[in-house]
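For reference, the structure discussed in these notes is given below.
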Amino acid sequence: MSVLLEIKNLKKHFPIHGGLFNRVVSQLKAVDDVSFVLEKGKTMGLVGESGCGKSTLGRAVLRLHEPTDGTVILDGTDITKLEPKALVDARRDMQIIFQDPYASLSPRRTIQQTLLEPLETHKIGTAESRQQKIEELLDIVGLRKHVLHRYPHEFSGGQRQRIGIARALTLEPKFIVADEAVSALDVSVQSQVLNLISNLQKTLGISFLFISHDLAVVQHISDDVGVMYLGRLVEKATATSLYTEPRHPYTKALLSAIPTPDPTIKNQRQILKGDVPSPLNPPSGCTFRTRCPEAMDICAVKAPVQVEVGSKDEPHWVACHLFELPK
Ligand code: SF4
């Protein structure tokens, strides 16, 4: 196993100010003590409901949000310790694809200006080689070079997302965070963009952190999958193991909501009670206990720890008291 990215005990807390003197009165724990590794050339899917902290985690990994604590090691370099100048250089290796391709492209810049910008900022190549590079990138993402002089509003959502992907590829990154990268697209366009990302992973050997609330989409593209709830990873496994043998009650509920194309198969859909609690005031013990159909007394007083439930070939861990052996 060749590790590209190692996240250790990553936290991102946002201070809440209030009172007469606008002091810090509380902390919103958007990401709380998350650890995982991502291998070179692999894709890890990150799933969970809206507001569970997955996008904040993606941004904290890239230091678009400054982490509160923890380390992010990318190919041997601790990103969290880099000074601003070194961080700018390190950004060549890590990029992001945003959910809304329209909002992430400047409406006043042509596609050529958008794609050339990262190469010019990092002073890479000559004017001629940069031009050649962006034309190659357009080819990789399935667009013709005549689009270079057009503006974002002249494209469909799927084409704009291809441009967003081309921009993320300009600096030949080792790692890309794809944050709900296909959520805003029509289903038919979704599969085209997913296939494109999947091909890029295979041909260019890029590692992806693929963030989505849609478990069916994540299954299509991921080698490993992590499930997040209220800022914490509650289960992580190979995609095969997670989708065939989910262990955490939250994962089971999420999976039960995926529609099956075969009408003869009846899914036992589990409806989760209530909404996700506020991360400002999370439940004690296991934070999922207020919605868990299998909650026990211990769940209110003690937070579960990670328990390995997989095998050497199919690593799989879960944080749930149902899998902790009685002491
Ligand atoms: Fe449910 Fe308890 Fe497991 Fe949490 S620890 S998921 S409340 S059974």
Residues of the stretch 291-327 that turn out to be more than 14 Å from V234 (Cβ to Cβ) and either part of a loop (DSSP other than H, G, I, E, B) or within 13 Å of the ligand (Cβ to nearest atom) (or both), as a count: 16
Any hit, the stretch 9-17, residues being over 21 Å from R291 (Cβ atoms), modelled with pLDDT of 95 or more and of a type in the set (V, I, T): no
Residues being at pLDDT 90 or above, closer than 21 Å to Q219 by Cα and assigned to a loop (DSSP other than H, G, I, E, B) - total across the stretch 255-287: 0
Those strands (runs of 3 or more DSSP E) lying entirely in the stretch 1-73 with at least 1 residues basic (K, R) and touching a helix residue (DSSP H, G or I) at 6+ places or on another chain (Cβ under 6 Å): 3-18
Residues (outside any helix (DSSP H, G or I) and surrounded by 18 or more Cβ atoms within 10 Å (Cβ to Cβ)) located in the stretch 125-141: V141
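From V227, V217, grab the single residue that is in contact with a Ser or Thr (Cβ under 9 Å, 6 or more places away or on another chain) and either in a loop (DSSP other than H, G, I, E, B) or assigned by TED's automatic domain parsing to the domain that holds E49 (or both).
Values: V227 fails: either in a loop (DSSP other than H, G, I, E, B) or assigned by TED's automatic domain parsing to the domain that holds E49 (or both).
The unique qualifying residue is V217.
So if I check each of F36, F21, F98, F14, which one is exposed (fewer than 14 other Cβ atoms within 10 Å of the Cβ) and out of contact with any Cys (no Cβ under 6 Å at 6 or more places or on another chain)?
Details: F36 fails: exposed (fewer than 14 other Cβ atoms within 10 Å of the Cβ); F98 fails: exposed (fewer than 14 other Cβ atoms within 10 Å of the Cβ); F14 fails: exposed (fewer than 14 other Cβ atoms within 10 Å of the Cβ).
The conditions single out F21.
Of these, Y250, Y243, which one is within 11 Å of the ligand (Cβ to nearest atom) and modelled with pLDDT of 90 or more?
Working: Y243 fails: within 11 Å of the ligand (Cβ to nearest atom).
Only one candidate qualifies: Y250.
I'm trying to understand the selection: among the residues of the stretch 44-53, which are touching a strand residue (DSSP E or B) at 6+ places or on another chain (Cβ under 6 Å) and at pLDDT below 95?
As a first pass, look at the stretch 44-53 and keep what is touching a strand residue (DSSP E or B) at 6+ places or on another chain (Cβ under 6 Å): 44-48, 52-53.
Selection gives G48, C52, G53.
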Breaking point among (1) loosely packed, with under 14 Cβ neighbours inside 10 Å; (2) under 25 Å from E154 (Cβ atoms); (3) at pLDDT 90 or above, for A103: (3)
Check on L115, out of contact with any Pro (no Cβ under 7 Å at 6 or more places or on another chain) and part of a loop (DSSP other than H, G, I, E, B): no
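The values are calculated or read from the model by the stated rules, or taken from the named source; none is laboratory data. Quick caveat: nothing in here was measured; it's all calculated off a predicted structure. A quick note on method: Cβ atoms are made from the backbone with ideal geometry, for glycine too, and the neighbour counts reach across all protein chains shown.
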